[in-house]
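What follows draws every value from the coordinates through simple rules; no lab data is involved. Quantities reported herein were computed from a predicted structural model and do not represent experimental measurements. Heads up, the Cβs are rebuilt from the backbone with ideal geometry, glycines too, and the neighbour counts pull from every protein chain shown.
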Amino acid sequence: MDHAREDVDAAIAEAIGSSRMSPKRVVTFGEASLRLATSDNERLERATTLSLSVSGPELNMAVATASLGVEVSWVSVLPGSPLGRRILRDAKANGVDVQHVQMLESGDGRAGLQFVEPGPEPRPTSVHYDVAGSPVSRLRAGTFDWASILDGASAFYVSGNTLGISAGARSEAMEAVRTARQLGVLVAFDLAYRSDSWSEGQARQAFVRIIHDVDVLFASRGSLRTFFGFEGSYESVLHQAIEKLGVAAVTVNRRRFKGSRRLTLESMAMGKSELLASSDRRDIEVVDSFGASDAYAAGFLDGYLENPLGLSRAVSLGAAAAALKCTMPGEFLCASRDEIEALVPD
């Protein structure tokens, strides 16, 4: 029996319990970039105008968390340039605490870019990344004082995308997770993978390392199969994740696209009781589905922190946030708590 793990789990349960009596605070760590998208379904190769917005998995999640009225801090490094300041300004404007974001000297580093070409059926939406040399990719171990940053936090959230940026970013994320465990802060991890960042083998090695310190796992059925070998139905892979990975809760989204503009969304989760919790299936008219999984993570984590045993509430809150995000352009959720709650079944 892993008594050290049991002690940390007990500390986390106590922290979650106390969070119901005091304001929650979530901390995220990751990279953000500028998103340049074509208009009117134009191809990139002949576009004359591009709409500019900000994106990044953890920052998307932080913005959605702030929409729910939860205190949230985003940790990152940005270039001291107009583009870096634009990213910082957008984070602030959306209610995210950025006191732990480090700004480099002017001219040092560059903001990452992503070019998005929306495509109606039968042409798929495509994304082209230009992020080499970004500040987060150049991180060195020990850049952040995680004990200070995580002091008093309810949860720490990071995604596999951040682990794939570079060895330095991966080391910093791992240190944040270890510190969170030591402080009794709940660790939430999104098992996300971008093949243009690193290989499957490299990702698998990192995911196997980090999973032992994860409490809440966000995943897809495909990623659980690819990185941990879990096969079967949605309910089956959730059972396997609980039994074999040792996480306290795991949650997945089941998305059925009907062309490029409509989808049916259903969310599922399982905890230590191994009882399946699921949201209602919802038909969604899609404007932009990017950032929906990050909004889901924000809603689910908020519900989970309120009551770890109330997974039905957590999946419904997450699904509502994800559905609303799909109805708006860009990757940031723009909605009030009341608008999100209005989509949650009684």
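Output the peptides 79-87, 329-337 sorted from most to least packed, where packing is the average of other Cβ atoms within 10 Å over each peptide's residues.
Per-residue mean Cβ counts within 10 Å order the peptides as 329-337, 79-87.
Per DSSP H run of n ≥ 4, the term is -39500 (n - 2.57); total these for the chain, divide by its residue number, and report the mean residue ellipticity at 222 nm rounded to 500 deg cm²/dmol.
-11500 deg cm²/dmol
Among PHE290, PHE115, rank each residue by its count of other Cβ atoms within 10 Å, from fewest to most, as a rough exposure measure.
PHE115, PHE290
Compute the distance from the alpha-carbon center of region 252-322 to that of region 63-110, in whole Å.
26 Å
Hey, got the dipole for region 3-341? About the Cα centre, +1 on K and R Cβ, -1 on D and E Cβ, debye to the nearest 20?
Taking the Cα centre of region 3-341 as origin, the dipole is about 520 debye.
For a Förster distance of 25 Å, can you work out the FRET efficiency between the beta-carbons of THR226 and ARG256, rounded to the nearest 0.05?
About 0.80, to the nearest 0.05.
Which entry in (1) 133; (2) 216; (3) 199 is this structure's computed volume of the Cα convex hull per residue in Å³?
Only one listed value fits the structure, namely (1).
Which one of VAL26, THR226, GLY246 has its Cα pushed farthest toward the positive end of the charge dipole of region 3-341, where Lys and Arg give +1 and Asp and Glu give -1 at the Cβ?
Working it through, the farthest residue towards the positive pole turns out to be THR226.
Can you check what the net charge comes to around GLY229, using other residues whose Cβ is under 15 Å from the Cβ of GLY229 (Lys, Arg +1; Asp, Glu -1)?
Net charge around GLY229: +1.
Along the charge dipole of region 3-341, Cβ charges K/R +1 and D/E -1, which of SER312, LEU83, THR38 sits furthest on the positive end?
THR38
Placing unit charges on C-beta atoms (Lys and Arg positive, Asp and Glu negative, everything else neutral), compute the dipole magnitude of region 135-213 about its Cα centre in debye, rounded to 20.
180 debye
Would you mind getting me the FRET efficiency between ASP145 and LEU52? Use the beta-carbon distance for r and R0 = 35 Å, nearest 0.05.
For R0 = 35 Å, the calculated efficiency reads 0.60.
Within 11 Å, Cβ to Cβ, of ALA321, how many net charges do the neighbouring residues add up to if Lys/Arg are +1 and Asp/Glu are -1?
That works out to -2.
Work out how much length HIS100 to SER233 would gain on full extension: take 0.36 nm times their residue separation and subtract the Cα-Cα distance, in nm to one decimal.
43.8 nm
How much FRET efficiency would the formula 1/(1 + (r/R0)^6) give for GLU339 and ARG85, where r is the Cβ-Cβ distance and R0 is 30 Å, rounded to 0.05?
After rounding to 0.05, the efficiency reads 0.50.
Counting only other residues whose beta carbon sits under 11 Å from that of ARG43, what net charge do I get with K and R as +1, D and E as -1?
For residues surrounding ARG43, the net value is -2.
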